[in-house]
Each structure stands twice: as structure tokens, then as C-alpha cells.
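For reference, the structure discussed in these notes is given below.
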DNA sequence: TGCTATAGGTAACAACGTTATTAGTAGCAA
DNA sequence: TTGCTACTAATAACGTTGTTACCTATAGCA
């Protein structure tokens with residue numbers, strides 16, 4: 001039947017797409033962004049570059065899929081944070097998870113937020129798909145605000161402020177501007193940034 | 001005399017270097033990072049690419065000079081902030097200037113903070129030279145802290161936290177994640193981020 | 001006037017993204 | 001089985017990029 005054929009074909013396509021994306025991820029994480037060439041990725045799966053072009057269109061298309069994948073990984077890592085009965089403590093935990101996610105795979109972080117990846121800017125469509133991680137952050141903020149722990153304000157704006165702080169501290173550290181002696185003091189700087197942020201958002205000052 | 005000859009030669013070299021760097025700046029600002037090729041820059045000054053290689057070594061050398069130039073521009077823009085007798089208000093003004101600097105020349109911002117500019121990572125030497133802008137920020141923080149307006153803390157760490165907030169909010173806006181309806185609401189979001197930061201750092205809560 | 005050093009132009013090389021051409025394969029109908 | 005159609009992938013090529021080997025020319029000096 002035609003439908004089954006089409007279905008099987010699209011399943012094959014999906015499996016192939018997934019395999020190619022994983023190959024690209026492997027190259028990206030283990031060899032860096034410079035090594036992520038069409039030839040390198042295709043040879044990773046022992047095929048020609050043509051496969052990449054039929055499935056992703058061009059390199060920008062491949063990068064866009066990696067971009068979406070990177071945001072999914074971020075969301076999964078933020079979702080893995082266990083909830084307690086203290087919304088503010090949970091917000092701090094998710095803040096730390098943001099940094100951990102970036103430090104675990106810095107090259108992915110570069111795909112998500114490195115401007116200037118040769119002519120790559122994610123489509124509005126991809127950006128929207130990527131915002132689910134932000135929506136998650138927004139949930140944490142809303143929860144703390146509804147519990148009366150944060151000063152009443154527009155939730156979306158407050159969440160943007162939270163994201164900006166986490167993102168700025170993480171970016172500067174990854175770019176080497178927090179090069180204190182040891183890694184633990186960098187972690188402490190991040191911790192203090194989060195503390196300051198919470199203090200600024202809090203209804204009561206401790 | 002040898003010294004004069006050498007001096008004249010090095011002056012010429014310096015003038016030439018400056019001219020090439022300005023040409024590269026023009027291309028970068030007006031045509032974007034993709035257009036910044038060795039051939040494009042050399043044709044901007046009607047010369048061959050060889051000149052760029054004798055003066056900068058390779059493309060990474062040219063990017064490194066643009067990196068230093070970008071941080072000097074940032075420092076100049078931050079220095080242009082007029083001082084008042086309110087250290088906290090001045091800190092807010094310098095915070096706004098950070099954003100303005102980035103929005104004025106986003107491509108320069110990409111050179112400074114875009115990871116993944118094809119294999120470009122600034123040398124430790126350049127990073128150090130670039131930190132003068134940060135030192136300036138540190139001065140504003142110190143002034144406000146010594147006036148008793150900010151909660152006593154390590155000045156350098158507090159300045160890092162300030163920088164992280166400004167940088168995060170600016171980066172996310174430039175990357176298109178603050179795509180509210182109009183630009184003025186983006187400015188307001190940034191303003192609120194700065195307010196929250198100040199509140200978190202303040203000794204007294206208003 | 002020659003000698004030396006060095007800077008700059010030309011043309012080429014290797015690697016990259018991309019595509020035109022070609023070959024092969026799977027499904028379908030006779 | 002035998003053609004026909006659609007589509008996929010391999011190959012080889014093209015244009016552009018960073019880079020360099022080779023050559024030329026110019027400036028200073030004896």
C-alpha cells in the first residue's frame with residue numbers, strides 16, 4: 001500500500017536524519033566547531049556529502065538542527081532539577097543547572113549563542129522551538145512569585161532578567177574573563193551572581 | 001642614520017597597520033563578519049593580500065587587532081559617561097552605555113564575544129589588554145561601595161557580577177531573544193535588569 | 001654602479017560549501 | 001521478466017576562502 005510505503009520511507013528518513021545529527025553532535029563535541037565540516041560529518045557515517053544536502057538542504061540547515069538539539073538538551077537538563085517545597089531554592093538550583101549544562105558541552109553552547117557562526121542565524125521558527133527552555137525558567141519564577149517570595153512583577157520580564165544573569169555569567173566564564181585561579185572560585189562567583197539576583201528580585205530582604 | 005631610518009620605517013609600518021585596521025573595521029561594520037575576508041580587506045585599500053600577511057601574520061592576527069580595537073571603543077564609550085555626585089546613578093548610566101555600545105556596532109560585539117569566529121580565540125595577552133574596560137566598571141562599583149551605598153563585598157567580584165548582568169541582557173537582546181514588539185520595551189527590560197541588579201547589590205533597600 | 005635585503009604582486013595550493021552529472025535502486029505495471 | 005518512473009547517492013567538478021612559493025622591484029649603502 002502506498003501509505004505504508006510512504007510511512008516506511010519517512011521512518012527511514014527520520015532514522016537517517018537522527019543518525020546524521022548524532023554524528024554531527026559527536027564531531028562537534030569531540031573535535032570542536034571548526035571540525036564540523038560537511039565532509040567530516042559525512043565521513044563520520046561513511047557516506048558522501050550528498051546525504052547531508054538531501055536531508056538538511058545545506059550547512060545552515062544542519063546547524064539549525066543542532067541548534068534545536070542544543071536547546072532540547074538544555075531543557076532536559078533544567079527539567080532534571082528535583083523540586084522541593086522551597087520555590088526560591090529551586091530557582092537557585094535551576095540557575096546552577098544552566099551553568100552546568102553549558103560547561104558540560106561548551107561547543108554546543110557556542111552553536112546556541114555564538115553569533116557569527118559563519119552566516120548562521122537561526123530562523124524565527126527555530127528560535128520559537130528553542131524557547132521551551134525559557135518557558136521552563138519562567139515556570140520557576142512564577143512559582144516563587146505566586147508563593148509571595150518574589151516582589152510582584154511581570155513574570156515574563158522577571159524571567160528574562162533571570163535568564164540574562166545566568167547567561168551573562170556563564171558566557172563570560174566560558175570566554176575566559178573569570179579566569180580566577182581555580183575553578184571553584186569561578187563557581188563561587190556564579191553563585192554570588194545568582195544570590196545577588198535573587199536578592200534583587202525578593203520581596204523581603206534577608 | 002640607522003635609527004632614523006628604522007624609525008621612519010616603523011612609523012610607516014604603524015601608519016599602514018592603522019590604515020589596514022581601519023579598512024577592516026569599515027568592512028566589518030558595513031558588510032558584516034562574513035564579508036571580512038582577507039581579499040575583501042586588501043581590495044578595500046587597493047592592495048594585495050600579501051600586505052595583510054606581512055603586518056598581521058594571518059587572519060587570526062587581524063581579528064586579534066580588531067578585538068583589541070573593539071575593547072578600546074567600548075572603554076572610550078564607557079569613559080564618556082559624565083560623573084555626577086550620585087555614584088549609584090552613575091553606575092546605572094555606565095550600564096546603559098554598555099548596551100548602547102553593543103547596539104551601535106553589533107558586528108564588533110560579535111568579534112569580542114562571539115565564540116566560534118572560525119578558530120579565533122584571543123591570546124591571553126589580548127584578553128589582558130581588553131580588561132581595561134572592565135577595570136573602568138570596577139571603578140564605578142568601588143566608588144559606590146566606598147560611598148556606603150552598596151553592601152560591602154569584594155569589589156572585583158561585585159564588578160564581575162555587574163558585568164555579567166549587563167553582558168547577559170545585551171547578548172540575549174542582540175541574539176533576538178527579547179523580541180518584544182518594539183525596541184523601547186527592550187530598553188525597558190534592560191533597565192529593569194539593571195534596577196534589579198542594583199537592588200541586589202544595595203546596602204539599603206528602597 | 002652594483003650588492004643586499006626586504007616588501008609587495010602574482011599565481012598557485014589545499015580545504016571548504018555546493019552542485020551538475022551520472023549511476024543505481026525500489027516500486028509498479030504489462 | 002521487462003520496461004518505466006521516481007528518487008537517492010556517489011563522483012567529480014566549480015567557486016571562494018586562507019595561505020604561501022615564487023618572482024619582481026625598490027631603497028639603502030659602498
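A few notes on this one:
- For A:169-178, mean number of other protein chain Cβ atoms within 10 Å: 5
- Listing A:34, B:60 from fewest to most neighbouring C-beta atoms within 10 Å gives A:34, B:60.
- Counting other Cβ atoms within 10 Å as a rough exposure proxy, the listed residues A:157, A:189, A:49, A:165 run A:49, A:157, A:189, A:165 from fewest neighbours to most.
- With label points defined 7 Å past Cα in the direction of Cβ, position residue B:48 shows copy-to-copy spacings of 3.8 nm, given to one decimal and shortest first.
- Per-copy distances of the residue B:156 label point, shortest first, in nm (7 angstrom along Cα→Cβ): 4.1
- 0 to 90° range, to nearest 10: angle between helix A:183-201 axis and chain A longest Cα axis: 60
- Isotropic mean projected area of the C-alpha convex hull, the stretch A:57-139 (nm²): 5.6
- Computed log₁₀ I(q)/I(0) - Debye formula, equal Cα scatterers, no solvent, the stretch A:1-114, q 0.10, 0.12 Å⁻¹: -0.40, -0.54
- Ascending list, in nanometres, of distances separating the residue B:203 label from those of the other copies (7 Å, Cα toward Cβ): 2.8
- Translational D in µm²/s for the stretch A:59-201 (Stokes-Einstein at 20 °C, 1.002 mPa s, Kirkwood Rh from C-alpha pairs): 135
- Out of every Cα-Cα pair that the protein assembly as shown contains, those further apart than 34 angstrom amount to 37 percent.
Just so you know, all these numbers are worked out from the coordinates, no wet-lab data involved. In this text the structure is predicted, and so the values were computed from the model without any measurement. For neighbour counting, all protein chains shown are included, and Cβ atoms are generated from backbone atoms with ideal geometry for every residue, glycine included.
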